[in-house]
Amino acid sequence: MAYSQENIAIMDSIIARYPRKRSAVMPLLHFVQATEGFVTPEGIELIAQKLELETAEVTAVSTFYTQYKSEPVGEYHVGVCINTLCAVMGGDEIYKSVSEHLGIGNDEVTSDGKVSLERIECNAACDYAPVVMVNWEFFDNQTPQSVKDLVDGARGGNPPAPTRGPKTLRTWKQNSAVLAGVSDGLAGEGVSAGEPSKLGLKLSKEGK
Amino acid sequence: MTTDVAVEMITVVIDGFEVTVPKGTLIIRAAEKLGIQIPRFCDHPLLAPAGACRQCLVDVEINGRAFPKPQASCTIPVEPNMIVKTQLTSPVAEKAQKGIMELLLINHPLDCPVCDKGGECPLQNQAMSTGRSESRFTGVKRTFEKPINISSQVLLDRERCVLCARCTRFSEQIAGDPFITLNERGALQQVGIYEKDPFDSYFSGNTVQICPVGALTGASYRFRARPFDLVSTPSACEHCASGCALRTDVRRGKTLRRLAGDDASVNEEWNCDKGRWAFKYLSSKERVSSPLIRGDDGELREASWPEALARVAAGLAGKKVGVLVGGRATVEDAYGYAKFARVTLGTNDIDFRSRPHTEEEAAFLASTVVGLKTTYADIDKADHVVLVNFEPEDESPIVFLRVYKQVRKRSLQVSTVAPFASRGSMKLNANVLSSFDQVSNLTEKSVVLVGERSAEVPGLLSAIAANTTAKIAWIPRRSGERGALLAGALGNVLPGGRPVSDASARIDVQTAWGVDSLPTELGRSTSQILHSLNTGEGLDAVVVGGVDPADISPDALGQLLNTFVVSLEISHSAITAIADVVLPVAAVTEKTGSFLDWEGRERRFDQAIEGPLITTRSDVRILSMIADEMKKPISLPSVASAARELASFGIWDGATVAKPTAPAAPHKNPTGNEAILTSWRQLIDLGSLQSGEDNLAATGRKAVAVISAKRAESIGVANGELVKVSNERGSVVVPVHVAQISDELVWLPRNSENSQTIVTFGAAEGCLVTVVKA
Amino acid sequence: MSKLSPVLSAHWDEADSFTLEAYRRNGGYQASKKALDMDPDAVIQLVKDSGLRGRGGAGFPTGMKWGFIPQNDGKDHYLVVNADESEPGTCKDMPLLMANPHSLIEGIIIGSYAIRANYAFIYLRGEVVHVFRRVQQAIEDAYAAGLLGKNINGKGFDLELVLHAGAGAYICGEETALLDSLEGFRGQPRLRPPFPAIAGLYARPTVVNNVESIASVPAIIANGTEWFQAMGTEKSKGFTLYSLSGHVKNPGQFEAPLGITLREILEMAGGMREGHELKFWTPGGSSTPMFTQEHLDVPLDYEGVGAAGSMLGTKALQIFDETTCVVRAVLRWTEFYKHESCGKCTPCREGTWWLVQALKELEAGRGTSDDLDKLLDIVDNIAGRSFCALADGAASPIVSSMKYFRGEYQRHLDLGSCPFDPIESTLFAGVKA
């Protein structure tokens, strides 16, 4: 049984946030991923029971959203943006090289379970292109080499820190818990804004 | 008369023609009124609009302002000063529709030649009317694994699916069973189930029927026929008293499928899976194909009709005879039995109740039910629906759908007098009450739906009969009972509710039948008939039509031994096995006739199968032949003559049988591991009309024993563990389901695999049993 | 004087700009205090008068949207903030929330008060964990400071604010899909009517606003409508965030009055990357028809961009230089729409499936000129035929690229292959081993 009394209590507190409990489906699915790494049958059945839904209704939701995984992903889930702008600026090359480097393709996991790879769509950081997300943390202005180094670090248990994020890269499960609304207290870490974000402000101060 | 507010009418112009329709009418349906068929897939008049397939795009203009792009006519209600141009008058709409059709087909497989839907397929038809002859798509089609079972009786071919969501919307909106959903996203979106929970809805077959392509197919019909080889006959369902209109499709004398028929005031366009998929019994190898006579060797042998009739006449001559009529007799057949008993046999010993029953119930039926006029429409308008010992989802599924519709639409208040909240009650959000005394909030707009099991609680029907406020309806499980009551196939009433005890009522019937007198003594009930056999002073022969003795009591069959038994049956059964003469009768597909549904509404049906395979006739015709042979004719040579004659009676307007005033039974006090048994029949169970339907059976709900958490704890079982429920006669072993139920009770399904309460315990309700961990 | 006007971004260069302390230090939560002293209708009127229009893409007047909420109807009302920022090229709300989450929270307090909502939600896309942390922390701090919860500022106004993570679905940026998603369903758009103002979240009157729109409200309340109207153009008032990305020397966020031109922004940003020239660009994300060099002086406001045949959209200025194959770019966007199509309606679901295959053929140089006409005809059967605007967005890059670059498509067919080297357009072109 993956769900301890403490887990159940967290799930109940998630449900309590909403005026109607069905709204808790998505954070609960994030929480299932925080607990088990992916959306398991046990998780679906537990959510269905808690929200008085049919299991099919939970399945319908979990399969709609790409962040919910029906198979295990790596401890470090690497998303390479291959939407047009990032792809053109180097995302395609990055994806190709890291895929070859790891020997895995889209939605696949390394045999040690450490790293998985996904071709992701625009992640709202285009001024930092090419962008790579690891466990949905920003790794800005990447190159094929930087991403190789990144995944090597991750596999060796020593991943680099996100460009704009906490001082230490958290695991897939840990970050899934954040998305479920379970705070890890790391909001204060990292820059308030990256350089491109501040560019207009800087130019304005320069009177431009 | 109702005092409905007048509906506002709106006039719109479609393709240059004016049409006036009620406010709220969708464009697509206003066009239908003009005979303009706009192509469509997701649209269904009984489902909420989806606007998903986009096939029905038309140009719309309101007050001179045109929408900049074509609109889905299935989602937009008409408005004053609206001008609509369909594909017939708008090149834009025509191109839009053609474009959608092309897109729908790019991923559709070209397997029409092997698809069940071919020949009756809206996609095929509309591709002909709206598509292009050659596809411009030269790419790679989307492929999925070919059909997957989403239940034992429904298969899903995702390649054929056009994602119209009719099936998922039906399951959620109409049946309340969202066991199938749209899963995945975009081009990979597909209908599916949760991997461990199949589509075991009682209403799943409707999704096969409304699927506009061949994506959903029924396992039993798959690859069996082409629609153009089938002959369709409008029919009525014989399984229960809901009264569904059906369509029976026959090929070369064999029923291949049954579909829900359209009847807006009864079943709308739906039926249950039992009504749809339980019909193998009609063409079973067990059918009796010729008259049979039991020889001196004790074996049945085939006989000619004249020989068999002579044997019946001889066997019944001079005997005191009782008549047992099965619950699925047609009105006309029941009338035949009723008249045969009185005129030919000179007795009121006739009863249609082949189930637990009481004198109190007979009085209730004769006094209160005969003239009841409560209908489905009353449910639609009710302010409160009360279910009394009645589980509509199991016992009259279309009543369930109708109540559920109002619960969804306007949060109709539902109360249920029941031991616990069944799945059906939970869907109805019903307030569970442990007895009828607790029912409150009844007005003249309330509807009390009384199940046949109410007879099993002494005093309950008396209490209900005394209710003067709400509308009452009595809902038997079987299709024939309301009609048999009207026909007088009961010991205390003659046709039309005329009391046997009332001389003027008897004279009425005597005159109509042209006989000098009618028996005056009140008739015996089913159990009294059985008990009096072979006792010396009681009855010594019995005519039995379509009765399963196991439905009455475990002793019934034994009571029929050593007496002269005439059996009118469609198939070999426990009764034919002991009968002296067996006369084959026609099954529903082989005859015309009618049922009265629970409303008392006539459900007439035609003969679906004709030709040389039909070797027999309806019961009434055969009874008429026996009567002739016995020289006491009933003169009912045809179903039509029986219908005509019964109709001429009308409902008795004189004094009725007195209402029952039976006292409640003293409360039993179970001690220790004792519990009071309560039960009902689940929709899909071991009923004889479902025999041979393995696909259907696999979707039924598995037998469980429902007990309270306290009892579960005291006997040391957890949910899902086995318990043994027993009394001195026998025992059943089933998994336990812990629910909110009185600590004194245990519920079991009445006639399911591993749980048949009547044959096991000798009772279905109210007896003491012992519950222990198995 | 600078052509820029940092308001929301004015303090992003402070290391703690995202904290409550910094926000207050810079004058934060004065506007909500002021608003809560006003009549709610007066707040709506003020926002109406300011001329603020939705910054999420459609440009609908924010105050008018608030005014649609039926008052005194006895029902719960909801304010829902659309923070699902996913339109390709769009990258303004995420840095805003990371650096200045309290501006949104203050805007939510004001907006909720105005529309009489006691419950508000922020629907944040799920793929940005650190943004989630910042917003969640800001909400917790606001609760602790009595800025959210019961009886805010002792004014008798209650407001619960819930941060809700999406889970990867572009379509949830469509407001009714967002509401279905927030209710725990698949994020597929709803039929309208009823509109969210009448039956939105839980079928109750609901306002759905973009992050930037709501975050702009406190400044308007604090500084007044005249201050706001002094910026921008006649029908496009105020300041906004322009996001410059792609083949430019210095990409980034530029907060400026509406109506600035790309030429002006590019000049400030140091122009195109060295040795290259502008080929095509999007004014407001991939769903807005692309522009070329000839549009450098189009005023980037709602009317100006519209008059030039596109839409202001999210003001996501994605800049591509001459090394970029437009067919490849369009194919990639089309793959995006295919990936993000919700599946509900036929033209979008099947159409994007077909378009991707058709464009792959064209990019590989397979086909004839007739196939280009066919491509446009397929698009014609998709755009304006679908349930929501996603498919219209899918059509935009194809139609506009065919308008300006049909010759380049044809060149693929003539050559039988793509004439471009994708390495040339990468940032690390020339530095590769």
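Pop a pseudo-label 7 angstrom from the Cα along the beta-carbon direction at both B:D555 and C:T368 and give the gap in nm to one decimal.
9.1 nm
Ranking B:S73, B:S367 by Cβ neighbours within 10 Å, fewest first, what do you get? Don't skip to the end; give the middle numbers.
Values: B:S73 30, B:S367 21.
Arranged by neighbour count, lowest to highest, B:S73, B:S367 become B:S367, B:S73.
Once you have the Cα-Cα distance between C:E274 and C:Q410, take 0.36 nm times their residue separation minus that, and quote the gain in nm to one decimal.
On the way: separation 136, 0.36 × 136 = 48.96 nm, distance 2.88 nm.
Taking 0.36 nm per residue and subtracting the Cα distance, the gain is 46.1 nm.
Sort C:D380, B:D597, B:D378 so that the residue with the fewest other Cβ atoms within 10 Å of its own Cβ comes first and the one with the most comes last. All intermediate terms of the calculation are to be shown ahead of the outcome.
Details: C:D380 15, B:D597 28, B:D378 18.
Least to most surrounded, the residues fall as C:D380, B:D378, B:D597.
Do any trypsin sites (Lys or Arg not before Pro) in the range C:270-370 lie in a DSSP loop with no more than 16 other beta carbon atoms within 10 Å, and if so, which?
Working: sites: C:R273, C:K279, C:K315, C:R328, C:R332, C:K338, C:K344, C:R349, C:K360, C:R366; in loops: C:R273, C:K315, C:K344, C:R366.
Sites meeting the loop and neighbour criteria: C:R366.
In the range B:306-378, which trypsin sites (Lys or Arg not before Pro) are in a loop and have at most 13 other Cβ atoms within 10 Å, using DSSP for the loop call?
Details: sites: B:R311, B:K319, B:K320, B:R328, B:K339, B:R342, B:R353, B:K373; in loops: B:K319, B:K320, B:R328, B:R353, B:K373.
Answer in residue order: B:K373.
Rank A:Y18, A:Y68, A:Y76 by mean-square fluctuation in a GNM of chain A with C-alpha springs under 10 angstrom and give only the top-ranked residue.
Residue with maximal mean-square fluctuation among A:Y18, A:Y68, A:Y76: A:Y18.
More than 43 Å apart: what percent of Cα pairs in the protein assembly as shown qualify? Mind dumping the intermediate values first?
Values: 535187 of 1000405 pairs.
More than 43 Å apart: 53 percent of the Cα pairs in the protein assembly as shown.
Where a ≥ b ≥ c are the square roots of the eigenvalues of the C-alpha gyration tensor, would you call the range A:5-64 rounded, which needs a/c under 1.5, or, failing that, prolate if a/b is larger than b/c, or oblate?
On the way: a/c = 1.58, a/b = 1.10, b/c = 1.44.
The shape class here is oblate.
Where in the range B:298-331 does the label zone of B:K632 land, with the point 7 angstrom along Cα→C-beta and an amide N cut-off under 19 Å?
Of the residues in the range B:298-331, B:309-325 have backbone N under 19 Å from the label point off B:K632.
How far apart, in nanometres, would the label points at B:Q438 and C:K360 be if each is projected 7 angstrom from Cα along the Cα-to-Cβ direction?
Distance between label points: 6.3 nm.
Sort the range A:76-170 into rounded, prolate or oblate with this rule: let a ≥ b ≥ c be the square roots of the eigenvalues of the Cα gyration tensor; rounded if a/c is under 1.5, and if a/c is not under 1.5, prolate when a/b is larger than b/c, oblate otherwise.
oblate
Suppose R0 equals 22 Å. What FRET efficiency, 1/(1 + (r/R0)^6) with r the Cβ-Cβ distance, do B:V515 and B:S648 give to the nearest 0.05? List each step's numbers first, then the result.
Details: r = 16 Å, r/R0 = 0.71.
Once rounded, the FRET efficiency stands at 0.90.
Where in the range B:355-375 is the amide nitrogen less than 11 Å from a point lying 7 Å along the Cα-to-Cβ axis of B:A658?
Within reach of a label on B:A658, which here means backbone N under 11 Å from a point 7 Å along Cα→Cβ, the range B:355-375 contributes nothing.
Using the Kirkwood formula over every pair of different C-alpha atoms, what hydrodynamic radius in Å results for chain C? Intermediate values should be presented prior to the final figure.
Numbers: mean 1/r = 0.0445 Å⁻¹.
One decimal place: 22.5 Å for the Kirkwood radius.
What full-extension length gain, to one decimal in nm, is calculated for B:N431 and B:K702 as 0.36 nm per residue of separation minus the Cα-Cα distance? Kindly include the intermediate steps, with their values, before the conclusion.
On the way: separation 271, 0.36 × 271 = 97.56 nm, distance 2.47 nm.
Taking B:N431 through B:K702 to full extension adds about 95.1 nm, to one decimal.
Rounded to the nearest 0.05, what FRET efficiency do B:S290 and B:K668 give with R0 = 60 Å and r taken as the Cβ-Cβ distance? Could you check?
Once rounded, the FRET efficiency stands at 0.75.
Where Rh denotes the Kirkwood radius from the mean inverse Cα pair distance, what is Rg over Rh for chain B?
Details: Rg = 28.2 Å, Rh = 28.3 Å.
Here the Rg-to-Rh quotient is 1.00.
Take the Cβ-Cβ distance between A:I8 and B:V114 as r, set R0 to 41 Å, and report the resulting FRET efficiency rounded to the nearest 0.05. Mind dumping the intermediate values first?
Numbers: r = 51 Å, r/R0 = 1.23.
Here the calculated transfer efficiency is 0.20.
Let me have the 222 nm mean residue ellipticity of chain C computed from DSSP H runs of 4+ only, each contributing -39500 (n - 2.57), with the sum over all residues rounded to the nearest 500. It would help to have the intermediate numbers written out before the result.
On the way: 17 runs with 183 residues, N = 433.
Dividing the helical sum by the residues of chain C leaves -12500 deg cm²/dmol.
Give me the lysines in straight-line cross-link reach of A:K148: C-alpha distance below 18 Å, same-chain residues under 8 apart excluded.
A:K96, A:K114, C:K432
Among C:I214, B:I741, B:I472, which comes first, second and so on when ranked by fewest other beta-carbon atoms within 10 Å?
Values: C:I214 30, B:I741 24, B:I472 21.
The fewest-first ordering by Cβ neighbours comes to B:I472, B:I741, C:I214.
For chain C, set up a Gaussian network in which alpha carbons nearer than 10 Å are linked by springs, and say which option among C:E322, C:E255, C:E14 fluctuates the most.
Judging by the Gaussian network model, the answer is C:E14.
Quick note: the coordinates plus some simple rules give every number you see, no bench work behind them. The model shown is predicted, which means the values in this text are computed figures rather than measured ones. So basically every Cβ, Gly included, is an ideal-geometry build from the backbone, and we count neighbours across all protein chains shown.
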